[in-house]
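The values are calculated or read from the model by the stated rules, or taken from the named source; none is laboratory data. Values in this document were obtained by computation on a predicted structure and should not be read as measured data. Using ideal geometry, Cβ is built from the backbone for each residue, glycine included, and neighbour counts are taken over all protein chains shown. Accessible surface areas use protein heavy atoms only, side chains included; no ligands, DNA or RNA. Shrake-Rupley method; radii C 1.70, N 1.55, O 1.52, S 1.80 Å.
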Amino acid sequence: MKPPVAPPGWSRWLVPPAALSVHLSIGQAYAWSVFKPPLESALHLSGTQSALPFQLGIVMLGLSAAFGGTLVERNGPRWAMTVALVCFSSGFLIAALGAAVSQYWLIVFGYGFVGGIGLGIGYISPVSTLIKWFPDRPGMATGIAIMGFGGGALIASPWSAQMLDSFGTDNDGIALAFLVHGLTYAVFMSLGVFLVRVPRTEGARTPGAPGVLDGPQVSARAAVRTPQFWCLWIVLCMNVTAGIGILEKAAPMITDFFSDTSTPVSAAAAAGFVALLSAANMAGRIGWSSASDLIGRKNVYRVYLGAGALMYLLIAAFGDGSKPLFVICALVILSFYGGGFATIPAYLKDLFGTYQVGAIHGRLLTAWSTAGVLGPLIVNWVADRQEEAGKSGAGLYGLSLTIMIGLLAVGFVANEFVRPVHARHHIPAPKDPQDPNDPQDPKEEAHDGTDQHAAK
């Protein structure tokens, strides 16, 4: 499982498809809602219970990315993609067994716990490698891959629905659908395992691929001790909280906003709105992250957070009076949501270098786990309280929209505090790896606990 080194003449443009094969697969997580109604009917579950596998999967995504990030850096992308393949596919197979024998805890354990580990390791598996191949355009490179995670549901949702129509929505039908998912994703993700390559080291460069450790480098352990890391943690958490607040409650929100008007929104139109939001999420991942290569990471986050607050303000003030305004503002917010995910690895690379950027990214994704709980909690809890107070329609969301504006303002301020990392956190610059006299820094090895030769 040693990282495969690209031979002379290897095209770096073969690496993004390898990453996409993994991210398009694990992006199925966003299509879990397709299985909720059949599971509730077949196993007599509540809506809260049927959401548990997805919720646990997102929690495990953040935890496995945080704790497994250093292993991903140490063992390389092929090892990481293999672990992701085994866990994600096994999660579906365990869930299939649980559905077949009517044991819901097996579905939660399989899809949520085991599959969630595959989500986290798979999500960060290509990030460091892509940034090393594309130091000239890191935002675009990571955007291509992470776009796949946002777009995976566009494939998985109709595919899963069609299987359930064909196999049935009873226990056996659900089990067979899970089984087909597990086997198909195993084959598709294996393409990434076999195709991925890492750049050649100094002295043996592949044309078009710069050196692996150019510029200042910071270890993962040192990075989490810097204010820059925690500023970016706040930035990501606030941006994701604002986006996921709309994404999680999109259909009922647009229905409620126009329920008291002369042109209410039908269930079919609300479903179409959700599909549009998914497309905006996916487009923002590649569009805004590519734009960050031109205007800079800090500037593009100023757009996400500043313009995002403006979009929320427009919805709160005028959203119930104009459907086009509501839809356009929501689409922009979701494009910022997706763009924030795709741009953060390049922002980390700018600050901390490529040395352990995958491990640093994994630790930062705990902000996503936090936001995944915080965003829906704010919107749903406030809506419930406002309904109890006798409000309806757009009045259910006024307070939560104001809270989102405040959170985005906090993220905007945190982004302004981001500065270059002080030199005391840098690891010693490596010499030519072909040089047998290249000394290792014992202090850094003891400090970080990773093999410097492996890092090179």
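So that you can scan it fast, the table gives a plain yes or no per residue for (1) more than 20 Å from residue 365 (Cα to Cα); (2) within 18 Å of the chain's Cα centre (by Cα); (3) of a type in the set (A, V, I, L, M):
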position	(1), (2), (3)
23	no, yes, no
26	no, yes, yes
38	yes, no, no
62	no, yes, no
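Return a yes/no flag: does segment 113-125 have any residue that is assigned to a helix (DSSP H, G or I), open to solvent by less than 30 Å² (accessible area, probe 1.4 Å), farther than 15 Å from residue 62 by Cβ and in contact with a Pro (Cβ under 6 Å, 6 or more places away or on another chain).
So far as segment 113-125 goes, no, none of its residues is assigned to a helix (DSSP H, G or I), open to solvent by less than 30 Å² (accessible area, probe 1.4 Å), farther than 15 Å from residue 62 by Cβ and in contact with a Pro (Cβ under 6 Å, 6 or more places away or on another chain).
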Problem - Test for residue 114: is it over 29 Å from residue 233 (Cβ atoms) and at pLDDT 95 or above - result: no
Problem - Residues (among the β-branched types (Val, Ile, Thr) and touching a residue at least 40 places away in the same chain (Cβ under 8 Å)) located in segment 407-422 - result: 410, 418, 421
Fill in the blank from the handout: In segment 312-321, anything open to solvent by 30 Å² or more (accessible area, probe 1.4 Å) and in contact with a helix residue (DSSP H, G or I) (Cβ under 8 Å, 6 or more places away or on another chain) is listed as 313, 314, 316, 318, 320
Exercise for the section: Could you please find all residues in segment 263-279 being surrounded by fewer than 20 Cβ atoms within 10 Å (Cβ to Cβ) and within 12 Å of residue 320 (Cβ to Cβ)? Expected result: 263, 264
Practice task
Output the qualifying pairs, or none if there are none: Cβ atoms under 9 angstrom, residues six or more apart or on different chains, first residue in segment 133-147 and within 11 Å of residue 339 (Cα to Cα), second residue outside any helix (DSSP H, G or I) and of a type in the set (A, V, I, L, M, F, W, C).
Solution key: 140/134; 142/134
Completion exercise
Inside segment 126-170, the number of residues satisfying the requirement of being aromatic (Phe, Trp, Tyr), in a helix (DSSP H, G or I) and out of contact with any Gly (no Cβ under 9 Å at 6 or more places or on another chain) is 1
Exercise for the section: Go through the residues of segment 232-244 one by one and say whether even a single one is surrounded by 21 or more Cβ atoms within 10 Å (Cβ to Cβ), at pLDDT 85 or above and aromatic (Phe, Trp, Tyr). Expected result: no
Practice task
Scan segment 368-391 and report the pairs whose first residue is free of Cβ contacts under 8 Å to residues at least 40 places away in the same chain and surrounded by 15 or more Cβ atoms within 10 Å (Cβ to Cβ) and whose second residue is of a type outside the set (S, T, N, Q) and assigned to a helix (DSSP H, G or I), with Cβ atoms within less than 8 Å and a gap of 6+ or a chain change.
Solution key: 382/396; 382/399; 382/403; 386/395; 386/396; 386/398; 386/399
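Right, residue 356: in contact with a strand residue (DSSP E or B) (Cβ under 9 Å, 6 or more places away or on another chain), modelled with pLDDT under 90 and open to solvent by less than 50 Å² (accessible area, probe 1.4 Å) or not?
Working: in contact with a strand residue (DSSP E or B) (Cβ under 9 Å, 6 or more places away or on another chain): yes; modelled with pLDDT under 90: yes; open to solvent by less than 50 Å² (accessible area, probe 1.4 Å): yes.
Yes.
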Exercise for the section: Could you tell me which numbered condition residue 192 fails, if it satisfies all but one of (1) exposed (fewer than 15 other Cβ atoms within 10 Å of the Cβ); (2) small (Gly, Ala, Ser); (3) at pLDDT 90 or above? Expected result: (1)
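Could you please let me know if residue 257 is among the hydrophobic types (A, V, I, L, M, F, W, C) and at pLDDT 85 or above?
Judged against the criteria, residue 257 is a match.
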Handout entry: Boolean, residue 79 is of a type in the set (Phe, Trp, Tyr), open to solvent by 30 Å² or more (accessible area, probe 1.4 Å) and more than 22 Å from residue 368 (Cα to Cα)
Key = yes
Fill in the blank from the handout: Filtering segment 252-275 down to residues that are without any contact (Cβ under 8 Å) to a residue 40 or more places away in the chain and within 18 Å of residue 387 (Cα to Cα) yields 252, 255
Handout entry: Answer residue from segment 33-58, given it is in contact (Cβ under 8 Å) with a residue 60 or more places away in the chain, open to solvent by less than 60 Å² (accessible area, probe 1.4 Å) and among the hydrophobic types (A, V, I, L, M, F, W, C) and is nearest to residue 359 (Cα to Cα) among those
Key = 58
Handout entry: Meets criteria (acidic (Asp, Glu), at pLDDT below 95 and open to solvent by 50 Å² or more (accessible area, probe 1.4 Å)) for residue 73
Key = no
